[in-house]
Amino acid sequence: MLKRIVLFFALVFGVIAAYGQNGALKPLFASDSIMELSLVFDLKTVIRDIDNVRATYHPAILTYTDSSGLSIALDVKVKTRGHFRKQRDNCTFPPLRINFKKKQVVGTVFEGQDKLKLVTHCRTNNEKFEQFLIEEYLIYKLYNLFTNFSFNVRLVKINYIDLNGKTQPFSKYAFFLEHLDHLAQRLGATVVDTKGLHQETVDYAIMNQLVLFQYLIGNTDWSVPNLHNIELLLVSPGRAAVPVPYDFDFSGLLNVPYAKPPAHLPIKSVKQRLFRGYCRTREQLEPNLETFRQLQDSITYLYKASTLLTPYQKKRTVLYLEEFFETINDEREIKSEFINGCRRD
């Protein structure tokens, strides 16, 4: 176990060092400690303002205690965001976007932030959904182990307070997602927002890694040509764009009740893994497969060491991950899933 822990932190610190070679992390994402804060706003009005066209920002107050013990209060605005999780049939509490005042956040942990995505708990009265949120947060941390080209996240515990006092305060976990522009800045890249690029035209090595990672977590809810849950970054002219995945709530690893695979795919449940990578030879796949083997202990340890997951969720998640490693250590399964099962369309 000690060897696994040492390997895990060595990898984490290695990734952080690699980030530093390109650009500094914003203060909010420079720590993995759980941040506690309060959000005061008109709860009823905000969570019902989910129209894709007419939804607007609403005033709110965000408060937290900084590292010196000083209480900080920020005037912010909140707005519902997203698509699927914003629909009330799926989530009774939508994802939010927090709009900060640039001058007001100078010298605070939110310095440099403008508009930030906040991934929320989805359903307030169902504890399972908070577990799903923790698991999705950990998926982002998993992908951080593989590449610099990945979003940073910061886990927070939020005390939601209704401005009108009509709803009792409640506390839930959430996490902030690094802004795309900040991701590009720290990597010295620019954002590519052109749709239609074929999956085979983007960075070869990272794409190979990405499709295997999506297979690891059982996620088919993504597309490079449609820029669906994928962002593209260009590091330099003449180099292929680099894909960066996000939004993993439809993964089999989470297996949330509302998640269903796309109708055109030959699987009936998101728990069923399906390889969505294009064809590679066995030799071409091996370097990427070996990377996953080398990271196996670190990947499973991230979940085993979590103090926020229930014993049931922890066991279920680790078993799901271990099934992947059984596959990549079995030559017949490698041939069936990745060689014969590759995309040809």
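Taking Rh as the Kirkwood radius computed over C-alpha pairs, what is the Stokes-Einstein D of region 63-157 at 37 °C in a medium of viscosity 0.692 mPa s, expressed in µm² per second? Please report the intermediate quantities before stating the final value.
Values: Rh = 15.2 Å.
The calculation lands on 216 µm²/s.
Kindly express, to the nearest 10 degrees and within the range 0 to 90, the angle between helix 2-22's C-alpha long axis and the longest C-alpha principal axis of the chain.
Approximately 70 degrees, to the nearest 10.
Taking the Cα-to-Cβ direction at Arg280 and at Gln185 and moving 7 Å from each Cα, how far apart do the two end points lie in nm?
The answer from the label model is 3.3 nm.
So for Thr63, Thr317, Thr56, fewest C-beta neighbours within 10 Å to most, what's the order?
Ranked by crowding around the Cβ, least crowded first: Thr56, Thr63, Thr317.
Any idea how far apart Leu25 and Ala205 come out in nm if each label point goes 7 Å out from Cα toward Cβ?
That separation, rounded to one decimal, is 2.3 nm.
Work out, in µm²/s and without decimals, the Stokes-Einstein translational diffusion coefficient of region 2-183 at 4 °C, 1.567 mPa s, Rh from Kirkwood over C-alpha pairs.
Numbers: Rh = 17.4 Å.
This corresponds to a translational diffusion coefficient of 74 µm²/s.
Taking the 0 to 90 degree range and rounding to the nearest ten, how far is the long axis of helix 204-217 tilted relative to the main principal axis of the chain, both from C-alpha atoms?
Helix 204-217 sits roughly 70 degrees off the main axis of the chain.
Eigenvalues of the Cα gyration tensor times 5, then square-rooted: what semi-axes does that give for region 217-345, in whole angstrom, largest first?
Working: eigenvalues 118, 75, 63 Å².
Taking √(5λ) for each eigenvalue gives 24, 19, 18 Å, largest first.
Once both axes come from the Cα atoms, what is the angle between helix 311-328 and the longest principal axis of the chain, in degrees from 0 to 90, rounded to 10?
It is inclined by approximately 30 degrees.
Alpha carbon centre of region 273-300 versus region 56-77: separation in Å?
That distance is 43 Å.
Have a look at region 267-342 and give its Rg and Dmax from the Cα atoms, expressed in angstrom.
Spelled out, the Cα radius of gyration and Dmax of region 267-342 are 14.1, 41 Å.
Taking a cut-off of 16 Å between Cα atoms, list the aspartates and glutamates near Lys304, but don't count ones fewer than 8 places away on the same chain.
Glu135, Glu136, Glu322, Glu323
Distance check, please: which entries in Lys86/Lys141; Lys77/Lys103; Lys79/Lys101; Lys101/Lys172; Lys26/Lys103 exceed 19 angstrom between their Cα atoms?
Numbers: Lys86/Lys141 24 Å; Lys77/Lys103 14 Å; Lys79/Lys101 15 Å; Lys101/Lys172 24 Å; Lys26/Lys103 15 Å.
Too far apart for the 19 Å limit: Lys86/Lys141; Lys101/Lys172.
Suppose the chain between Gln272 and Val53 were pulled fully straight at 0.36 nm per residue; how much longer would it get relative to their current alpha carbon spacing?
75.3 nm
Name the shape class, rounded, prolate or oblate, that the alpha-carbon gyration tensor gives for region 121-188, where a ≥ b ≥ c are the square roots of its eigenvalues, rounded holds for a/c under 1.5, and otherwise prolate holds if a/b is larger than b/c and oblate otherwise.
The shape class here is oblate.
Please list the radius of gyration and Dmax for the chain, considering alpha-carbon atoms only, with Å as the unit.
20.3, 63
All of the numbers you see were taken from the coordinates with simple rules; none came from a lab. What you see is a predicted model; the values in this text were computed from it and never measured. In this analysis, Cβ positions are derived from the backbone assuming ideal geometry, glycine residues included, and neighbour counts consider all displayed protein chains.
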